[in-house]
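The values are calculated or read from the model by the stated rules, or taken from the named source; none is laboratory data. Please read these numbers as outputs of a predicted model, since none were measured by experiment. All Cβ positions, even for glycine, are placed from backbone atoms using ideal geometry, and neighbour counts span all protein chains on display.
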Amino acid sequence: MQKNLAGSAGFFFSFRQERGMPKTERWQWYVEESAPSEQHHHAIDRVFFEGRSDFQQVAVVSTPVFGKMLILDGDTQSAEGDEKIYHETLVHPALAAAADRSDVLVLGGGEGATLREALRSPDVRRCTMVDIDGLVVDLAKRFLPEWSDGAFEDRRARVIVGDALQFMRDDRDRYGVIVSDLTEPLEDSPSNALFNEDVFRLIKSRLAEGGVYVLQASTASFHNASLHCKMARTLRRHYAHVASFFTHVPAFDTDWAFLACSDRIDVAALDASVIDAYCSGLRGENFFYDAVTHRRLFSLPLYLRRALAAEGESFR
């Protein structure tokens, strides 16, 4: 579950007549701002839900191009047409690299798709998902069952509706893989308190020796990669290996970045034979991720390598 960098993201529906369209036919539009001067317009053909939870504004809609979409606080979280690009990228490099993937912790991920991808591995004996917004989880089960694909009912799933920070403070288990699918730490985000030095130390204390911590880490676009670089700089103080990777997610209309962190292994350097063996054991077929895709994900452009190497702000 991700959130763009708009800050004052535009969550609104508007009506506009398309050129050449009969006057009686009009599209309804969801307009998303990635910057004050940049917008992505999605035509809406159905609104399943639009309202507020205790934590954020929530909408589930359908679009002609991307199919069903989950929108939180005006920002696209995932879309039916390409959610596997995002979720396979988030989950599988970390699981492929982990020394022990029997116990996995997912922070956030209310749609259930991150849970789904983790449970595709037969090596996962338990996957715990903690999301603060029960309404999002309920709406996903009702309107977006394709996202979870039975994962919520899997006997290996432990789904907790609650505060991820409090869960980690109370929990004493250690996990071979921790996947952070939280929204960005903006002032209006419910995950704002989960991005600081104390929380990163807490997360590492819940990670088994030699484990992998992976997180969605904002955009990798040349004009707004600053938050991603801030996350990377901070996490380098906690792990021997911190690898940035990214891919283009069409529904987000931008390149989306991730970070894989471990004291044991550089996930970027994972051997193709290891990835092939891991992928061959997964339930069902991958849509996006394999050994060739892995090399592409971790092959960073020069501008991003320079930004990551530069001195700059970090979380405190």
Checklist outcome for this item: A careful count of residues in the stretch 253-286 that are surrounded by fewer than 17 Cβ atoms within 10 Å (Cβ to Cβ), small (Gly, Ala, Ser) and on the phi < 0 side of the Ramachandran plot gives 6
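Can Val137 be described as assigned to a helix (DSSP H, G or I) and surrounded by fewer than 24 Cβ atoms within 10 Å (Cβ to Cβ)? Steps first, please.
Values: assigned to a helix (DSSP H, G or I): yes; surrounded by fewer than 24 Cβ atoms within 10 Å (Cβ to Cβ): yes.
Answer is yes for this residue.
Within the stretch 254-268, is there a residue that is at pLDDT below 95, of a type outside the set (Lys, Arg) and in contact with a strand residue (DSSP E or B) (Cβ under 7 Å, 6 or more places away or on another chain)?
Going through the stretch 254-268, the residues at pLDDT below 95 turn out to be 254.
Narrowing the set further to residues that are of a type outside the set (Lys, Arg) leaves 254.
Now restrict to residues that are in contact with a strand residue (DSSP E or B) (Cβ under 7 Å, 6 or more places away or on another chain): 254.
Yes; the residues of the stretch 254-268 include at least one that is at pLDDT below 95, of a type outside the set (Lys, Arg) and in contact with a strand residue (DSSP E or B) (Cβ under 7 Å, 6 or more places away or on another chain).
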Checklist entry - Does the stretch 135-171 hold any residues that are of a type in the set (Lys, Arg) and farther than 22 Å from Phe49 by Cβ, and which are they? => result Arg155, Arg156, Arg158, Arg169
Next on the checklist: Could you tell me how many of the residues in the stretch 203-228 are surrounded by 17 or more Cβ atoms within 10 Å (Cβ to Cβ) and either at negative phi or free of Cβ contacts under 8 Å to residues at least 24 places away in the same chain (or both)?
Outcome noted: 18
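Please determine, by comparing only the residues of the stretch 72-97 that are in contact with a helix residue (DSSP H, G or I) (Cβ under 9 Å, 6 or more places away or on another chain) and small (Gly, Ala, Ser), which one is surrounded by the fewest Cβ atoms within 10 Å (Cβ to Cβ). Break it down stepwise before answering.
Step one: list which residues in the stretch 72-97 are in contact with a helix residue (DSSP H, G or I) (Cβ under 9 Å, 6 or more places away or on another chain), which gives 72, 75-97.
Now drop any that are not small (Gly, Ala, Ser), which leaves 78-79, 81, 94, 96-97.
Values: Ser78: 30, Ala79: 24, Gly81: 15, Ala94: 26, Ala96: 24, Ala97: 29.
For the stretch 72-97, the residue satisfying everything is Gly81.
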Checklist entry - Residues in the stretch 206-213: is at least one of a type in the set (Gly, Ala, Ser), part of a helix (DSSP H, G or I), in the same structural domain as Ala99 (by TED's automatic domain parsing) and under 20 Å from Gly176 (Cα atoms)? => result no
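Restricting to the stretch 105-134, give me the number of residues that are touching an Asp or Glu at 6+ places or on another chain (Cβ under 7 Å) and either crowded, with 21+ Cβ neighbours inside 10 Å or assigned to a strand (DSSP E or B) (or both). Working first, answer last.
Here is the first cut: in the stretch 105-134, the residues touching an Asp or Glu at 6+ places or on another chain (Cβ under 7 Å) are 106-110, 113-114, 116-117, 119, 125-126, 132.
So of that shortlist, the ones also either crowded, with 21+ Cβ neighbours inside 10 Å or assigned to a strand (DSSP E or B) (or both) come out as 106-110, 113-114, 116-117, 119, 126, 132.
Final tally of qualifying residues: 12.
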Item to check | Residues (touching a Lys or Arg at 6+ places or on another chain (Cβ under 9 Å) and of a type in the set (A, V, I, L, M)) located in the stretch 162-176 | outcome: Met168
Checklist entry - Can you name the residue in the stretch 143-176 that is among the small types (Gly, Ala, Ser) and not in a loop (DSSP other than H, G, I, E, B) and is also nearest to Gly81 (Cα to Cα) among such residues? => result Ser148
Checklist entry - Does Tyr303 meet the test of being touching an Asp or Glu at 6+ places or on another chain (Cβ under 7 Å), assigned by TED's automatic domain parsing to the domain that holds Leu119 and either basic (Lys, Arg) or in contact (Cβ under 8 Å) with a residue 60 or more places away in the chain (or both)? => result no
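Residue by residue through the stretch 277-299, note down the ones that are within 19 Å of the chain's Cα centre (by Cα), farther than 15 Å from Leu119 by Cβ and not in a helix (DSSP H, G or I).
Filtering the stretch 277-299 for residues within 19 Å of the chain's Cα centre (by Cα) gives 286-290, 293-294, 296-298.
Filter once more, so that each one left must be farther than 15 Å from Leu119 by Cβ: 287-290, 293-294, 296-298.
Within the stretch 277-299, Phe287, Phe288, Tyr289, Asp290, Phe298 meet the criteria.
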Checklist outcome for this item: A careful count of residues in the stretch 287-305 that are exposed (fewer than 13 other Cβ atoms within 10 Å of the Cβ) and either among the hydrophobic types (A, V, I, L, M, F, W, C) or more than 16 Å from Ala260 (Cα to Cα) (or both) gives 4
Item to check | Search result, residues across the stretch 53-71 that are closer than 17 Å to His41 by Cβ and surrounded by 20 or more Cβ atoms within 10 Å (Cβ to Cβ) | outcome: Ala59, Val61, Thr63, Met69, Ile71
Checklist entry - Is there a residue being assigned to a strand (DSSP E or B) and in contact with a strand residue (DSSP E or B) (Cβ under 9 Å, 6 or more places away or on another chain) anywhere in the stretch 82-104? => result yes
Checklist entry - Taking the stated definitions as given, is Ser180 touching an Asp or Glu at 6+ places or on another chain (Cβ under 7 Å) and either in a loop (DSSP other than H, G, I, E, B) or closer than 20 Å to Ile132 by Cβ (or both)? => result no
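Kindly check whether there is at least one residue in the stretch 163-171 that is surrounded by fewer than 22 Cβ atoms within 10 Å (Cβ to Cβ) and of a type in the set (Gly, Ala, Ser).
Initial filter on the stretch 163-171 (surrounded by fewer than 22 Cβ atoms within 10 Å (Cβ to Cβ)): 163, 165-171.
Now narrow it down to the ones that are of a type in the set (Gly, Ala, Ser): none.
No, the stretch 163-171 has no match at all.
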